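Chemist: What follows is a structure written as structure tokens; I'll ask about it next.
The values are calculated or read from the model by the stated rules, or taken from the named source; none is laboratory data. In this text the structure is predicted, and so the values were computed from the model without any measurement. FYI the Cβ positions are ideal-geometry reconstructions off the backbone, even for glycines, and counts take in every protein chain you see.
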């Protein structure tokens with residue numbers, strides 16, 4: 001092992017070991033404190049990268065089982081439905097690519113609309129916006145529907161993860177993730193946890209939020225949605241900006257593909273089937289993960305994809321290994337009461353007496369975003385922190401609706417802070433186009449952008465439409 005990697009591992013081990021030397025704070029179980037130390041070390045290792053991510057998380061799971069909690073409490077992450085939704089979505093995308101449908105659609109988008117990379121980014125973003133009105137699972141919407149279309153564009157442009165990621169692949173990949181989190185915040189049905197936030201707020205704050213009110217109040221977020229493709233294009237530009245030459249070539253390649261094949265028709269049938277089932281989930285009561293399994297089963301039955309193709313899908317199995325581990329570590333922390341303790345600790349440590357309304361809203365914004373670095377699940381984040389935040393809001397006396405919308409919108413958008421903050425992140429990060437440093441920095445930019453939009457434009461807008469109470 002290189003000396004540099006050894007030094008990084010020693011630093012990670014030192015940080016984790018501090019939590020075994022320093023006594024656990026009052027009110028927190030020793031197991032929870034020790035596990036948090038291992039979790040903190042794992043996050044540091046994900047940043048420093050002394051080993052591949054899957055290897056880092058396997059070591060973390062081993063350490064957790066040896067020194068903190070029973071191993072079964074951590075392995076529960078591998079039974080999480082969201083994890084399997086992500087893995088199956090990857091496998092479905094393999095079927096779309098193998099059938100040729102993704103490539104055909106990508107070539108069509110380029111030949112008809114692809115004058116620039118930026119324009120294609122906006123087209124794919126608006127598609128995600130449309131789907132967010134009825135498809136509440138980000139891995140399903142972004143990973144199973146929109147990103148396979150983006151992959152068709154990426155492949156048609158000759159952008160490869162190993163050799164030419166910045167040609168266009170890196171731009172479209174990070175854009176599709178940040179856009180999916182943004183659109184998921186704009187509609188009550190854009191993300192499953194949005195409905196949980198509404199229910200908790202109703203119980204804690206006594207407010208009622210309808211689908212229409214949620215979307216109307218999200219006006220600053222729609223501004224953010226329009227800005228993101230352009231901002232990422234400027235900050236993290238693709239090497240391929242003008243698609244003039246590519247557009248002509250795409251038309252020729254499309255013609256060379258000939259008529260639509262039977263495999264493409266089958267893939268299109270599966271695509272429309274799962275889209276319809278995801279869109280009508282509130283009516284059929286079919287779980288999004290079950291819908292993904294149905295889609296993959298249809299692909300296997302119709303021979304769109306073979307088991308051999310899935311068995312060789314390294315990205316899917318690597319994803320299963322490391323994201324299941326990080327979900328398990330997060331679940332282990334929850335089982336030890338760590339997040340409940342952290343919520344109480346934060347509430348006691350933050351003084352609000354004598355502060356003005358706007359200052360308290362800034363604190364609420366901070367609380368709704370920064371803790372997301374510790375969570376690998378948006379559902380877990382909302383379930384653990386929303387009751388605290390809404391209780392905090394009730395105790396401060398700030399206007400309830402503005403405070404609620406700050407929490408509800410920014411909890412979703414702060415998923416962009418890391419590549420594991422939402423189930424879609426690991427799926428797209430595993431494609432290998434975008435480096436971790438750029439992912440985290442761009443995610444921070446998007447989160448800060450929306451925080452500013454809601455604190456500046458949002459507060460004035462909510463007063464204007466009569467929500468300042």
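Chemist: If residue 292 passes every condition in (1) within 14 Å of residue 85 (Cβ to Cβ); (2) at pLDDT below 90; (3) surrounded by fewer than 19 Cβ atoms within 10 Å (Cβ to Cβ) but one, which one does it miss?
Modeler: If we test residue 292 against (1) within 14 Å of residue 85 (Cβ to Cβ); (2) at pLDDT below 90; (3) surrounded by fewer than 19 Cβ atoms within 10 Å (Cβ to Cβ), just (3) comes out false.
Chemist: Looking at segment 124-135 only, could you name the residues that are surrounded by 24 or more Cβ atoms within 10 Å (Cβ to Cβ) and in a loop (DSSP other than H, G, I, E, B)?
Modeler: If the condition is that a residue be surrounded by 24 or more Cβ atoms within 10 Å (Cβ to Cβ) and in a loop (DSSP other than H, G, I, E, B), then 132, 135 are the ones that fit.
Chemist: Moving to a separate point now. Listed residues 368, 376; which is in contact with a helix residue (DSSP H, G or I) (Cβ under 8 Å, 6 or more places away or on another chain) and part of a loop (DSSP other than H, G, I, E, B)?
Modeler: 376
Chemist: Take residue 315 and tell me if it is in a helix (DSSP H, G or I) and touching a residue at least 24 places away in the same chain (Cβ under 8 Å). Walk me through how you get there before you give the answer.
Modeler: On the way: in a helix (DSSP H, G or I): yes; touching a residue at least 24 places away in the same chain (Cβ under 8 Å): yes.
So residue 315 fits the description; yes.
Chemist: Taking residue 75 as the residue in question, decide whether it is closer than 30 Å to residue 286 by Cα, at pLDDT 85 or above and surrounded by fewer than 24 Cβ atoms within 10 Å (Cβ to Cβ). Step through it out loud before you land on a result.
Modeler: Working: closer than 30 Å to residue 286 by Cα: yes; at pLDDT 85 or above: yes; surrounded by fewer than 24 Cβ atoms within 10 Å (Cβ to Cβ): yes.
So residue 75 passes the test.
Chemist: So residue 467 clears everything in (1) in a helix (DSSP H, G or I); (2) modelled with pLDDT of 90 or more except one condition, right? Which one?
Modeler: (1)
Chemist: Quick one: which of 121, 106 is assigned to a helix (DSSP H, G or I) and closer than 23 Å to residue 185 by Cβ? Break it down stepwise before answering.
Modeler: On the way: 106 fails: closer than 23 Å to residue 185 by Cβ.
It is 121.
Chemist: Would you check if residue 56 is touching a residue at least 40 places away in the same chain (Cβ under 8 Å), surrounded by 15 or more Cβ atoms within 10 Å (Cβ to Cβ), touching a helix residue (DSSP H, G or I) at 6+ places or on another chain (Cβ under 6 Å) and not in a helix (DSSP H, G or I)?
Modeler: Working: touching a residue at least 40 places away in the same chain (Cβ under 8 Å): yes; surrounded by 15 or more Cβ atoms within 10 Å (Cβ to Cβ): yes; touching a helix residue (DSSP H, G or I) at 6+ places or on another chain (Cβ under 6 Å): yes; not in a helix (DSSP H, G or I): no.
Against the criterion (touching a residue at least 40 places away in the same chain (Cβ under 8 Å), surrounded by 15 or more Cβ atoms within 10 Å (Cβ to Cβ), touching a helix residue (DSSP H, G or I) at 6+ places or on another chain (Cβ under 6 Å) and not in a helix (DSSP H, G or I)), residue 56 does not qualify.
Chemist: Here's another thing I want to ask about it. Out of the residues in segment 316-336 that are in contact with a helix residue (DSSP H, G or I) (Cβ under 6 Å, 6 or more places away or on another chain) and farther than 16 Å from residue 64 by Cβ, state the one that is modelled with the highest pLDDT.
Modeler: Per the criteria, the residue is 320.
Chemist: For segment 192-235, which helices (runs of 4 or more DSSP H) that fit wholly inside it have 2 or more residues that are under 21 Å from the mean Cα position of the chain (by Cα), at pLDDT below 85 and under 25 Å from residue 395 (Cα atoms)? Talk me through it step by step, then tell me what you get.
Modeler: Working: elements: 192-205, 211-217, 219-235.
In segment 192-235, 192-205 are the helices (runs of 4 or more DSSP H) which contain 2 or more residues that are under 21 Å from the mean Cα position of the chain (by Cα), at pLDDT below 85 and under 25 Å from residue 395 (Cα atoms).
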